[in-house]
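Q: This is the structure, below, for whatever I ask next.
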Amino acid sequence: MSQQEQWKSKIGFVLAAAGSAIGLGAIWKFPYVAGTGGGGAFFLIFLVFTLVLGMPLLLGEFMIGRMGQSDPIQTYSKLASNPKWNFIGKIGVFTSFVLLSFYSVVGGWIILYIIKILSGGLAGLSQDQYGQLFGEIISEPYSTILAQLAFMLITIFVVAQGVQKGIELASKVMMPALLILFIALVIRSLSLDGAMEGVKFLLVPDFSKLTSESILFALGQAFFTLSLGVSVMLTYASYLPKTQNLPQSGISIIILNVVIALLAGLAIFPGVFSFGLEPNAGPVLIFSVLPAVFSQMPFGMLFFLAFLILFLFAALTSAFSMIEIIVAAVTKNDVSKRKKTTWIIGILIFIVGIPSCLSYGLLSDAKLFDKTIFDLMDYAVSNILMPLGALLISIFVSRKIPKAELFAELKKGSNVGYAFFSICYFSLKYIVPIAIIVVFIDAAGVSDWILALFNI
Ligand code: PHE
């Protein structure tokens, strides 16, 4: 019988789970999907999804994870006493694999920016030149692949050390530092000329800008930033003792995550408007706006370097969690197999990610449904596989596990009230599945077909 690993401290778990949550999703993706999806209205819908769907799901994964004390695949069969439920875990492990294959590409970009700063190639450019530079950096095949490899090697190295030594320590240092630097950055951004335009764009909702597609993106984004629907949070909770306060941990993670996304938005949009850029510029947004904001500060490049290092840490702590669940599923928590398995899986992920890496250069013309390989992977993971996983988990938790057992689990380590639990349970049973299905159907254009039918 293998020994289940455990977190060293209570705060260690919160930081590691927050580390999984906070990553490219909140810092890089949120500003650009909000920029494309309608600014304030998008942010509001994202917040509602985070609270109404994200929080119950997060607690749902925590409860069954700690209940099952097993890996992301066997937890389901163990709790349902039926191996056929394993498929939820298998979908999660598959999703995580695909996710890390393109996530590591962006991780590599951050490494390339760090190298660029250190070689002095980033200071004193004009706004346009920063945008151009980004295009040049990400289209160069060899360096991007090497950087992606470097990102994967760090991930493999840390996760091979095991849960508490590697993941917990890294998260403990990085999270507070990231928060402090972000606050400094926001203060700088807010003092730019015309900064208020950007703040308004992010915080004042204009619902006429919302489309079915942007609602789907807000849903995907809410799950993506909280690492939900892939059994990552379930796996992290499986390493917990029964004394951990689950509701409190969950709420702290959600608040931290929203705060970081908000800070990222407040750091970027004032710059966007002050420099006269388009908020819907896409993935380039953070990489072209932030260097320009930083370059106007004293010691700007030094600050930007610090920012990039923390940004890299944030991406890494998320990557750790993605590979961790695959390793946990394959080794079935047998510690002796951890090292070798982590290496094999990590290298496989790197290889699968190469076409995504080349999507912005050599393979930029390889398109399916008008999307590059990178965009296709991202779309499949964020807007289809993760919401699907979330749907299945909500059904599993609320319909396969007796309500009383769930409440008993949630109460261990906390004195959470029955009312709070009931609201979460109700959401898991009805609101989460219905919302996901409705958003899916709507985004697939089914509502338009139905309307068209009635018009005939
Ligand atoms: N939450 C991470 C981020 O925002 C992404 C992630 C998704 C991590 C799913 C693990 C599982 O960057």
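The values are calculated or read from the model by the stated rules, or taken from the named source; none is laboratory data. Note that the coordinates shown come from a computational prediction; the quantities given were computed from them, not determined experimentally. Cβ placement follows ideal geometry from the backbone for every residue including glycine, while neighbour counts extend to all protein chains displayed. Accessible surface areas use protein heavy atoms only, side chains included; no ligands, DNA or RNA. Shrake-Rupley method; radii C 1.70, N 1.55, O 1.52, S 1.80 Å.
Q: Would you call SER77 within 22 Å of TRP343 (Cα to Cα) and either in a helix (DSSP H, G or I) or not hydrophobic (A, V, I, L, M, F, W, C) (or both)?
A: For SER77, the condition - within 22 Å of TRP343 (Cα to Cα) and either in a helix (DSSP H, G or I) or not hydrophobic (A, V, I, L, M, F, W, C) (or both) - is not met.
Q: Then there's this: Here's a check for you: in region 197-241, which residue that is within 16 Å of the ligand (Cβ to nearest atom) and β-branched (Val, Ile, Thr) is farthest from the chain's Cα centre (by Cα)?
A: In this case the residue turns out to be THR235.
Q: Right, next: Open to solvent by 70 Å² or more (accessible area, probe 1.4 Å) and out of contact with any strand residue (DSSP E or B) (no Cβ under 8 Å at 6 or more places or on another chain): does that describe ILE326?
A: It is false that ILE326 is open to solvent by 70 Å² or more (accessible area, probe 1.4 Å) and out of contact with any strand residue (DSSP E or B) (no Cβ under 8 Å at 6 or more places or on another chain).
Q: Can you tell me which of GLU278, GLU324 is among the charged types (D, E, K, R) and more than 16 Å from the ligand (Cβ to nearest atom)?
A: GLU278
Q: Which residues, taken from region 293-323, are of a type outside the set (Ser, Thr, Tyr), open to solvent by 10 Å² or more (accessible area, probe 1.4 Å), assigned to a helix (DSSP H, G or I) and over 30 Å from LYS90 (Cα atoms)?
A: Within region 293-323, MET301, LEU302, PHE303, LEU305, ALA306, ILE309, LEU310 qualify.
Q: Of everything in region 365-419, what is farther than 20 Å from VAL232 by Cβ, open to solvent by less than 70 Å² (accessible area, probe 1.4 Å) and not in a helix (DSSP H, G or I)? Give them in sequence order.
A: ALA366, LYS371, THR372, PRO402, GLY413, SER414, VAL416, GLY417
Q: From the set of residues in region 15-42 that are aromatic (Phe, Trp, Tyr) and surrounded by fewer than 24 Cβ atoms within 10 Å (Cβ to Cβ), which is farthest from the ligand (Cβ to nearest atom)?
A: TYR32
Q: Testing THR243 on (1) closer than 25 Å to GLY35 by Cα; (2) of a type in the set (Ser, Thr, Tyr); (3) surrounded by fewer than 24 Cβ atoms within 10 Å (Cβ to Cβ), one condition comes back false. Which one is that?
A: Result: THR243 passes all but (1).
Q: Identify all residues within region 54-108 that are of a type in the set (Phe, Trp, Tyr), within 16 Å of the ligand (Cβ to nearest atom) and buried (at least 23 other Cβ atoms within 10 Å of the Cβ); write none if there are none. Explain how you work it out, then say what you get.
A: Of the residues in region 54-108, the ones of a type in the set (Phe, Trp, Tyr) are 62, 76, 85, 87, 94, 97, 102-103.
Pick out the ones that are also within 16 Å of the ligand (Cβ to nearest atom) and you get 62, 94, 97, 102-103.
Within region 54-108, PHE62, PHE102, TYR103 meet the criteria.
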